[in-house]
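The values are calculated or read from the model by the stated rules, or taken from the named source; none is laboratory data. Here the structure is a predicted model, which means the values were calculated and not measured. Heads up, the Cβs are rebuilt from the backbone with ideal geometry, glycines too, and the neighbour counts pull from every protein chain shown. Side chains are part of the model used for accessible areas, which takes the heavy atoms of the whole protein and leaves out ligands, DNA and RNA. Shrake-Rupley method; radii C 1.70, N 1.55, O 1.52, S 1.80 Å.
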Amino acid sequence: MLDYLGTLERTHMCGDLRADNAGQPVVVMGWVNRRRDHGNLIFLDLRDRSGICQVVLDAELTSDGHKKGEMVRPEYVVAAVGKVRLRAQDAINPKMPTGEIEIEATELRVLNDTKLAPFSPSEDAIQNEETRLKYRFIDLRRAEMQRNFRLRHEITRAVRESLSAQGFLEIETPILCKSTPEGARDFLVPSRVHPGEFYALPQSPQIFKQILMISGFDRYFQIARCFRDEDQRADRQLEFTQIDLEMSFPRQETVFSVVEKFLVAAFAAAGVTLPAPFPKITYDESIRQFGTDKPDLRLPGLTDVRSAFAEDNLGTLQIDPALPVVAFRIPKVGELSRKEREDNHPMFDKNKGAKFIDDFKRLAKGFPEAAAKVRELAGASDEDFVIIVAGDPAHHIKASDTKFEGRLSEREINVYAAAGNFRTELAKKYADRHGAFRVTEGVVAQASPGGGEVIDGSNAFHPIWIVDFPMFEYDLASAHWVPAHHPFTAPHEHDMANLTSDPASVRANCYDLAMNGLELGSGSIRIHRKDVQQQIFASLGISDEEARARFGFFLDALEYGTPPHGGIALGLDRIVMLLAGAPSLREVITFPKTAKAIDLMADAPTTVTDQQLKELHIRVVLKG
Ligand code: ASP
């Protein structure tokens with residue numbers, strides 16, 4: 001028999017009770033986390049969002065409560081009425097924040113029972129993630145998940161407050177809209193009223209936020225849900241949340257300063273300091289130094305070691321002399337056996353026209369001077385694992401050879417990227433040895449979100465701006481310059497004159513923010529003039545008709561006094577993931593999709609009724 005709540009009112013949250021509360025009458029409510037039956041005494045660990053406290057049901061004090069205590073099981077929902085008392089010295093639990101006290105109950109109300117759950121929220125996450133996601137309502141009860149979403153709340157609140165204080169207005173934009181220009185696949189929503197026509201879910205509020213600038217709102221932000229029909233990865237979801245902003249009359253530096261302020265505030269809300277201003281690096285430097293445009297600065301980067309080799313060395317080693325020769329080191333790995341090295345080989349991306357040398361003993365036998373010089377240039381100590389990556393003349397991949405003045409060629413980028421990927425994979429594999437990631441984990445574990453002391457995050461989190469991306473990329477297959485960014489990205493003013501005469505030299509006025517190997521966000525100064533916009537469309541091979549059909553309303557708006565403007569969007573989920581020390585975005589999204597794009601709890605997607613399809617003028621034809 002279950003009890004009613006009646007007029008009972010909660011006085012305290014379980015996790016808030018302390019020795020100071022001793023002697024006070026209290027009413028607490030929550031879930032039975034654990035139950036221990038000691039005959040005349042039954043102990044319930046009662047759990048709510050704030051934490052856990054111990055309730056004692058003494059048969060002599062409340063025989064009715066004690067009887068109910070015999071019947072309740074973990075995850076039953078109960079209310080306990082009683083008085084806080086100090087625990088006996090030997091019963092104090094220093095591991096629990098409420099470990100000095102317990103509640104001596106005078107009444108217990110059993111508000112609900114439960115089916116036996118497939119796992120207990122009082123324990124660590126089970127391995128089977130599908131079961132966790134199917135029973136997400138139970139999984140979310142776990143302390144770790146409760147912490148993640150509190151953290152998410154604190155971060156979001158700090159961002160809102162910082163942006164509001166910086167003069168930004170939070171403004172909503174439509175979810176049912178038209179295709180936006182991020183270039184991923186759209187999710188489409190059929191229109192019932194307009195047969196054969198579709199809305200698109202926004203890949204971002206891009207066009208709308210630009211129009212808000214035309215409308216004079218000056219500074220806009222939104223915690224915006226974005227939808228992209230892309231293949232899923234650990235750091236990708238079909239729908240995700242961006243901290244999206246746009247401002248009028250900015251320079252790049254203006255945007256950077258706004259972002260740095262709100263990120264510093266967000267990190268502080270998570271209990272971590274983040275030093276600002278953030279360092280800045282050009283795209284080319286980032287590729288040269290890290291082989292990627294989202295570098296992880298926690299480990300040493302790539303070193304150019306070509307000078308270690310004489311020209312004939314390169315010939316003997318079958319290294320392409322026209323391509324970069326770089327080395328990187330993973331600190332403190334120690335000497336690896338041949339077998340251990342071979343186990344690493346599948347991590348090297350063979351499709352980039354590059355090769356590697358990881359057997360230094362052998363290299364030192366044949367080329368003692370070069371080997372010593374490489375280690376010296378890379379700053380390697382004896383226990384560091386050093387790998388050389390270079391172009392492989394025997395493995396000529398299809399890539400553009402064209403070398404444009406002042407720009408990295410596709411071939412060069414490929415070699416750097418092969419080195420960069422290998423570096424990242426090996427860094428993950430040998431994390432226990434180099435210990436660089438442990439620093440981050442340690443800071444996250446120590447930090448206490450939501451006020452209190454803020455701990456130093458300068459060795460744990462490494463934000464970095466990437467600037468001066470090329471405006472265009474050369475597509476070998478179509479022999480065309482294609483946009484490297486969405487088509488509203490402005491070129492640098494200096495490079496405008498070369499738009500058609502020398503597209504290779506044109507730099508985009510856009511920027512990315514990376515942190516610890518993750519892309520946190522990207523943005524740009526936008527094109528605000530119709531003539532420039534038309535030129536860009538033309539240079540991107542987007543015809544007038546196509547531009548009209550896709551963005552006509554926006555092109556119209558551009559003609560009515562558009563101020564110079566620019567902005568950025570940062571992935572909120574990723575920021576929370578970093579600060580929660582979570583291995584995947586799914587740990588910081590309440591109801592995420594699986595890698596197969598399924599919501600296991602709600603069971604979506606599903607088929608719909610014929611009637612629904614009919615109303616939408618849709619016929620489904622399944623292949624095979
Ligand atoms: N809309 C862009 C994106 O989602 C960000 C921006 O340029 O503001 O990547």
- Would it be correct to say that residue 191 is open to solvent by 30 Å² or more (accessible area, probe 1.4 Å), out of contact with any Cys (no Cβ under 6 Å at 6 or more places or on another chain) and on the phi < 0 side of the Ramachandran plot? no
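Could you check the range 388-477 for helices (runs of 4 or more DSSP H) lying wholly inside it with 2 or more residues that are open to solvent by less than 50 Å² (accessible area, probe 1.4 Å) and hydrophobic (A, V, I, L, M, F, W, C)?
Working: elements: 410-429, 431-434, 436-446.
It comes to 410-429, 436-446.
Determine whether residue 180 is modelled with pLDDT under 95, assigned to a loop (DSSP other than H, G, I, E, B) and within 14 Å of the ligand (Cβ to nearest atom). Can you show your working first?
Values: modelled with pLDDT under 95: yes; assigned to a loop (DSSP other than H, G, I, E, B): yes; within 14 Å of the ligand (Cβ to nearest atom): yes.
Against the criterion (modelled with pLDDT under 95, assigned to a loop (DSSP other than H, G, I, E, B) and within 14 Å of the ligand (Cβ to nearest atom)), residue 180 qualifies.
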- Task: Report yes if some residue within the range 396-405 is modelled with pLDDT under 85 and among the acidic types (Asp, Glu); otherwise report no.
- Result: yes
- Note: among 501, 539, just one is crowded, with 18+ Cβ neighbours inside 10 Å, of a type in the set (Ser, Thr, Tyr), over 32 Å from the mean Cα position of the chain (by Cα) and more than 16 Å from the ligand (Cβ to nearest atom), namely 539
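Would you check if residue 448 is at pLDDT below 90 and more than 16 Å from the ligand (Cβ to nearest atom)?
So residue 448 fits the description; yes.
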- Which strands (runs of 3 or more DSSP E) does the range 1-94 wholly contain that include 2 or more residues that are at pLDDT 95 or above and open to solvent by 80 Å² or more (accessible area, probe 1.4 Å)? 25-38, 77-86
- Query: For the range 192-202, how many residues meet the condition of being in contact with a Pro (Cβ under 8 Å, 6 or more places away or on another chain) and either within 16 Å of the ligand (Cβ to nearest atom) or in contact (Cβ under 8 Å) with a residue 24 or more places away in the chain (or both)?
  - Reply: 1
- Message: Being away from the ligand (no atom under 16 Å from the Cβ), open to solvent by less than 50 Å² (accessible area, probe 1.4 Å), over 30 Å from residue 378 (Cα atoms) and not small (Gly, Ala, Ser) narrows it down to one residue among 232, 206; which is it?
- Response: 232
- Can you pull out the residues in the range 250-290 that are open to solvent by 50 Å² or more (accessible area, probe 1.4 Å), more than 16 Å from the ligand (Cβ to nearest atom) and part of a loop (DSSP other than H, G, I, E, B)? 275, 276, 277, 279
- Note on the structure: Within the range 344-361, restricting to residues that are within 19 Å of residue 330 (Cα to Cα) and assigned to a helix (DSSP H, G or I), the one that is most open to solvent (accessible area, probe 1.4 Å) is 361
- Query: Within the range 124-134, can you find the residues that are surrounded by fewer than 16 Cβ atoms within 10 Å (Cβ to Cβ), in contact (Cβ under 8 Å) with a residue 12 or more places away in the chain and closer than 20 Å to residue 47 by Cα?
  - Reply: 124, 125
- Query: Scanning the range 514-526 for residues that are within 11 Å of the ligand (Cβ to nearest atom) and closer than 17 Å to residue 282 by Cβ, which turns out most open to solvent (accessible area, probe 1.4 Å)?
  - Reply: 519
- Query: Does the range 570-588 contain at least one residue that is within 16 Å of the ligand (Cβ to nearest atom), in a loop (DSSP other than H, G, I, E, B), open to solvent by 40 Å² or more (accessible area, probe 1.4 Å) and touching a residue at least 12 places away in the same chain (Cβ under 8 Å)?
  - Reply: no
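Evaluate the range 133-144: report whether one residue or more is part of a helix (DSSP H, G or I), within 16 Å of the ligand (Cβ to nearest atom) and more than 30 Å from residue 614 (Cβ to Cβ). Quick ask: steps written out before the conclusion?
As a first pass, look at the range 133-144 and keep what is part of a helix (DSSP H, G or I): 133-134, 136-139, 143-144.
The next check asks that each one be within 16 Å of the ligand (Cβ to nearest atom); those that pass are none.
Checked the range 133-144: no residue is part of a helix (DSSP H, G or I), within 16 Å of the ligand (Cβ to nearest atom) and more than 30 Å from residue 614 (Cβ to Cβ).
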